[in-house]
Amino acid sequence: MNTPSPGPHSPEPPAPGSAELFGGQEFANLLGDCVHCGFCLPTCPTYVLWGEEMDSPRGRIHLMDQHAKGEPLSGPMVEHFDRCLGCMACVTSCPSGVQYDRLIEMTRAEVERGHPRPLRERAVRELVFRLFPYRRRLRALRGPLRAYQRSGLEGAVRRSGLLERISPSLAAMERLAPPLGRAPRLPERVAARGDRRATVGMLAGCVQGEFFPDVNAATARVLAMEGCDVAIPRAQGCCGALSMHAGREDEARAFAKRTIETFESTDVVVVNSAGCGSSMKEYRALLGGDPAWERRADALSERTRDLAEFLAELGPRAERRPLPVTVAYHDACHLSHAQGVRSQPRALLAGIPGLDVREITDPDICCGSAGTYNLLQPEAAAELGDRKAANVAATGAELLVAANPGCTMQIAGALRRRGAGIAIAHTAQVLDASLRGLGRDALIGRSS
Ligand code: SF4
Ligand code: SF4
C-alpha cells in the first residue's frame, strides 16, 4: 500500500467532538498519546518481518488517525490492521504509554461493524468463531479428529495440498491440531492436600480443556498439592478471549458476563492459559460504562490470576523433587506483555532441583500464534513460528515450557517442520512432575 509514512510531523489527533470520530473522545485521546518516536518498531513482529512502516505500530496508529478523521476503511487499510498480531510488544516498549491494545481492539470492532469482507474470508471467520469458543463443539470434533490422526491419512492429505487449495486457513487448522489422546473429565472439586491455604476457582478454557486436558489435570493437582481447594464449575464457558481480540464485542461481552456469573462467588480465579487470563483482566474495559456489569466485571478482573502469578503469591509448600532437565521458557505475549508475568514462571521453574532454565533469543517477539492469527494469517504466522522454533532449538534445551495453548500448538508445529525433537510442556506439567516425583522421562517423553 502506498500510504505515506507519518514521519515526525504526523497529523494532529482528531479534534474533540469531531463528527467523523469513531470511538469518541477516548479514541482521540489514545491516538494523541503517540509522539511517533518509533521506539516500538524493532519489537513489532510484522515490522521485523517486512520492514514496512504501515505494518508497524506507528504506521497503524497513523492509519487509525486517518480513519478517525474521516477516511473510509479501505481494503489495504484493513489488511494492515488484520496483519497486527495484537501481541502488545509495542505497548511494553512504548515510552509514552500508548495503549495500542485498546486502540487496535476498538479499531477491530470498527472493522467488524463497517467493512464487508470477501465471502471466503467471512466463511473462514465464521467457522473459526463458531467453533473454537464452544467446548461442546470442540468436544464433538475430538472423536473424528482423533480417528483421522490415528488413520495415518495425515501425511497423504498434507502431501496432496488439497486443504491448502481449498483454504490456507483450513490447512493451518489441520496442521496445528495437537495429537489427541483420551480426555478424562475433571471433577467439579479437587480437595486441598493437608491444611487448606486457599480456595480457588479454575478456568478450564475451551482449547485448553478439549485439546490439552492433561494441562488442566496437572494444574488442579498442583494447586491441590500446594494446599488449595479447587472448584472447576461445569457451567463455565468461553471467557471471550478470541472474540474480544477479534473485535467481536457483543459476543465477547456475552461470554464475559457468563464467566463473571460462574466465578462470582470464588475468592480467586486461577487461569492457566495466558490469552484467557489477559482477557479476564480486561473485563473492566470491556464492560466499563455498563452500569449493571461494570462493578462486577471490575471485581472479577481484580480476582483473576495467572497460575504462575498465583503460585508465586502463595509461596511454595509442597516438596520439589529433582528433575534433571534442560528447559527453554517461552514468554507468551498475553502473559509477558499483557499481564507483566515474566519472573514468576521462571522463579517456579528455578525452584525445582536439577532443572536448568535457558533463555530464548528475542523473547519479546511473538511466535505467531496470537489467538486466531495463525489460522487467519497463516503465512505470516508460519514465518514467525519458524523464527521462534530456530531460537528455541538454538538453546539446546530438551523441553520447551509455554503457558498458552495457542503458543504450544504454534511452536510445536514449527519444531516439527524443522525436525527438532524438542518436547513441550506447560509450567503446570513441569511442577506436577516435580511434586509427584515422576522423573524426567514423564516430560521429555512427550513429542512435539
Ligand atoms: S506507539 Fe509509542 S513507541 Fe511507538 S511511535 Fe508511538 S509513542 Fe513511539
Ligand atoms: S500488537 Fe504486536 S504486531 Fe501489532 S503493532 Fe503492536 S507489536 Fe506490532
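The values are calculated or read from the model by the stated rules, or taken from the named source; none is laboratory data. None of the values given here were measured: they were computed from a predicted structure. Here Cβ is always computed from backbone atoms with ideal geometry, including for glycine, and neighbour counts include all displayed protein chains. What goes into the accessible areas is simple: the full protein's heavy atoms, side chains included, and nothing from ligands, DNA or RNA. Shrake-Rupley method; radii C 1.70, N 1.55, O 1.52, S 1.80 Å.
Between Ser343, Ser265, which is at pLDDT below 95, farther than 20 Å from Glu105 by Cβ and either open to solvent by less than 30 Å² (accessible area, probe 1.4 Å) or of a type in the set (Gly, Ala, Ser) (or both)? Can you show your working first?
Working: Ser343 fails: at pLDDT below 95.
Result: Ser265 is the single residue among Ser343, Ser265 that is at pLDDT below 95, farther than 20 Å from Glu105 by Cβ and either open to solvent by less than 30 Å² (accessible area, probe 1.4 Å) or of a type in the set (Gly, Ala, Ser) (or both).
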* Starting from residues that are of a type in the set (Asp, Glu) and over 17 Å from Ala246 (Cβ atoms), keep the ones in the stretch 124-165 and report whichever is least open to solvent (accessible area, probe 1.4 Å). => Glu154
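Among the residues of the stretch 418-438, how many are touching a helix residue (DSSP H, G or I) at 6+ places or on another chain (Cβ under 7 Å) and of a type in the set (D, E, K, R)? Talk me through it step by step, then tell me what you get.
Taking the stretch 418-438 as the starting set, the residues that turn out to be touching a helix residue (DSSP H, G or I) at 6+ places or on another chain (Cβ under 7 Å) are 418, 420, 422-433, 435.
If we keep only those that are of a type in the set (D, E, K, R) as well, we get 418, 432.
Residues meeting the conditions: 2.
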* Structure fact -> For Glu294, the lone unmet condition from (1) under 29 Å from Asp441 (Cα atoms); (2) open to solvent by 10 Å² or more (accessible area, probe 1.4 Å) is (1)
* To do: Can you confirm whether the stretch 90-106 contains a residue that is at pLDDT below 95 and of a type in the set (S, T, N, Q)?
  => no
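So which of Cys34, Cys44 is buried (at least 21 other Cβ atoms within 10 Å of the Cβ), under 24 Å from the mean Cα position of the chain (by Cα) and within 10 Å of ligand 1 (Cβ to nearest atom)?
Values: Cys34 fails: under 24 Å from the mean Cα position of the chain (by Cα).
Only one candidate passes the filter, namely Cys44.
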* Asked: Given the structure, is Arg436 at pLDDT below 95 and either aliphatic (A, V, I, L, M) or over 19 Å from Val207 (Cα atoms) (or both)?
  -> no
* Does any residue of the stretch 385-399 turn out to be within 30 Å of Glu121 (Cβ to Cβ) and not charged (D, E, K, R)? -> yes
* Residue that is most open to solvent (accessible area, probe 1.4 Å), among those in the stretch 58-100 that are more than 15 Å from ligand 2 (Cβ to nearest atom) and in a helix (DSSP H, G or I) -> Pro76
* Before we move on, is Gly396 at positive phi, open to solvent by 10 Å² or more (accessible area, probe 1.4 Å) and part of a loop (DSSP other than H, G, I, E, B)? -> yes
* Structure fact -> Flagged in the stretch 72-126 as in contact with a Pro (Cβ under 7 Å, 6 or more places away or on another chain) and more than 14 Å from ligand 1 (Cβ to nearest atom), in numbering order, are Leu85
* Tell me, yes or no, whether the stretch 316-323 has at least one residue that is touching a residue at least 40 places away in the same chain (Cβ under 8 Å), crowded, with 19+ Cβ neighbours inside 10 Å and on the phi < 0 side of the Ramachandran plot. => yes
* Structure fact -> Residue hits (the stretch 349-374; buried (at least 24 other Cβ atoms within 10 Å of the Cβ) and of a type in the set (A, V, I, L, M, F, W, C)) are Cys366, Cys367, Ala370
* Given (1) open to solvent by 20 Å² or more (accessible area, probe 1.4 Å); (2) in contact (Cβ under 8 Å) with a residue 60 or more places away in the chain, index of the condition Ile411 fails -> (1)
* Asked: Just for the stretch 42-57: of the residues that are within 10 Å of ligand 2 (Cβ to nearest atom) and not in a helix (DSSP H, G or I), which one is farthest from Leu31 (Cα to Cα)?
  -> Cys44
* Search the stretch 68-90 for residues that are closer than 13 Å to Leu103 by Cβ and touching a residue at least 24 places away in the same chain (Cβ under 8 Å) and pair each with any residue that is away from ligand 2 (no atom under 14 Å from the Cβ) and not in a helix (DSSP H, G or I) when their beta-carbon atoms are under 6 Å apart and the residues are at least 6 apart or on different chains. => Ala68/Pro14; Ala68/Leu21
